[in-house]
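Take a look at the structure below.
Every read-out reported here was derived from the displayed coordinates using simple, explicitly stated rules and does not represent laboratory data. A quick note: this is a predicted structure, and the numbers were derived from the prediction, not measured. Cβ: placed from backbone, ideal geometry, glycine included. Neighbour counts: every protein chain shown.
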Amino acid sequence: MLLVLDVGNTNITCGIYDGDKLAHTFRIMSKTPRTSDEFGVAICDLAARQGVDTKEIDGVAIASVVPNIMHSLIASVKKYFNIDPLVVGPGVKTGIKIDTPNPKEIGPDRIVDAVAAYEKFGGPILVLDFGTATTYDIVTEDGRFTVGITAPGVRISAEALWMGTAKLPEIEIVMPKSILANDTIWSMQAGLMYGQIGQTEYIIKQVKKETGYDKLKVVATGGLGRLISNETDMIDEYDPDLTLEGLRLIYAKNR
């Protein structure tokens, strides 16, 4: 079995693969400081609760955008699984070429998403990840990661609203029934969600215009990706497990 860990700014999304099948998923908060023992116990306990014998895990792959927890996380994998994990970064085989001025600046999560999308759908492809930030990345037909666009995510925008103002409340991030809001919470939800849809559609249109890729495939992932994908016909596919699948593919390429 393979354990894959997608370490984001808000959560660590954990997946357990049995062969090429994603058998289990669970999450741990990444904002909470933890020791290596706390990471190890949390991962093992959550896996066991889903019926997984952790002794059967013989490989671990990690993609992280949170450097300050990596020492503890890697130590926990070594201690509790007796495995040196594969950490996505420079020198790791991915199957795509990072064709940018400074490849080391590209986040591992974006590389992993690009690998999975390209392997699954081919190129040219535009990969959207609706996480803490919203990212838009292009992989060409011949497998080159060439362009990356970064925008504030819905949650960051929401937090800016209620933390930067005196009277706006903290709200649930959901799709409102209409853009025609008539109360404060509804108006905030409308502005956030329809604003994100408008941003998404405009960026996709502009990318197609400037690249000339009229038949550009558009694939989305990320926690809020389903909400956005359901409201626009400019996203062709939504895959909630794209990042985990990319980690599995990269691990297989480096075995």
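Brief remarks follow.
- The helices (runs of 4 or more DSSP H) found wholly in the stretch 163-255 and carrying at least 1 residues that are more than 30 Å from Val92 (Cβ to Cβ) and among the acidic types (Asp, Glu) occupy 184-211.
- Single condition Pro90 does not satisfy, out of (1) without any contact (Cβ under 8 Å) to a residue 40 or more places away in the chain; (2) surrounded by 14 or more Cβ atoms within 10 Å (Cβ to Cβ); (3) more than 16 Å from the chain's Cα centre (by Cα): (2)
- With respect to being hydrophobic (A, V, I, L, M, F, W, C), in contact with a helix residue (DSSP H, G or I) (Cβ under 8 Å, 6 or more places away or on another chain) and closer than 30 Å to Lys21 by Cα, Ile173 falls outside the description.
- Residues that are part of a loop (DSSP other than H, G, I, E, B), without any contact (Cβ under 8 Å) to a residue 60 or more places away in the chain and surrounded by fewer than 20 Cβ atoms within 10 Å (Cβ to Cβ) do occur in the stretch 142-162, at least one of them.
- The residue that is nearest to Ala75 (Cα to Cα), counting only those in the stretch 26-54 that are in contact with a helix residue (DSSP H, G or I) (Cβ under 7 Å, 6 or more places away or on another chain) and among the polar types (S, T, N, Q), is Ser36.
- Cross-chain or 6+ apart pairs with Cβ under 7 Å, the stretch 228-254 first and without any contact (Cβ under 8 Å) to a residue 12 or more places away in the chain and closer than 21 Å to Met175 by Cβ, then among the hydroxyl-bearing types (Ser, Thr, Tyr) and surrounded by 15 or more Cβ atoms within 10 Å (Cβ to Cβ): Ser229/Tyr238
- Lys78 passes every criterion in (1) of a type outside the set (A, V, I, L, M, F, W, C); (2) surrounded by 14 or more Cβ atoms within 10 Å (Cβ to Cβ); (3) within 19 Å of Ile250 (Cα to Cα) apart from (3).
- Per the listing Leu216, Leu192, the residue uniquely under 23 Å from Ile106 (Cα atoms) and not charged (D, E, K, R) is Leu216.
Let's see how each residue does on (1) surrounded by 20 or more Cβ atoms within 10 Å (Cβ to Cβ); (2) of a type in the set (Lys, Arg):
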position	(1), (2)
Lys208	no, yes
Gly212	no, no
Leu216	no, no
Val219	yes, no
Gly222	yes, no
Leu227	no, no
Thr232	no, no
Pro240	no, no
Ile250	yes, no
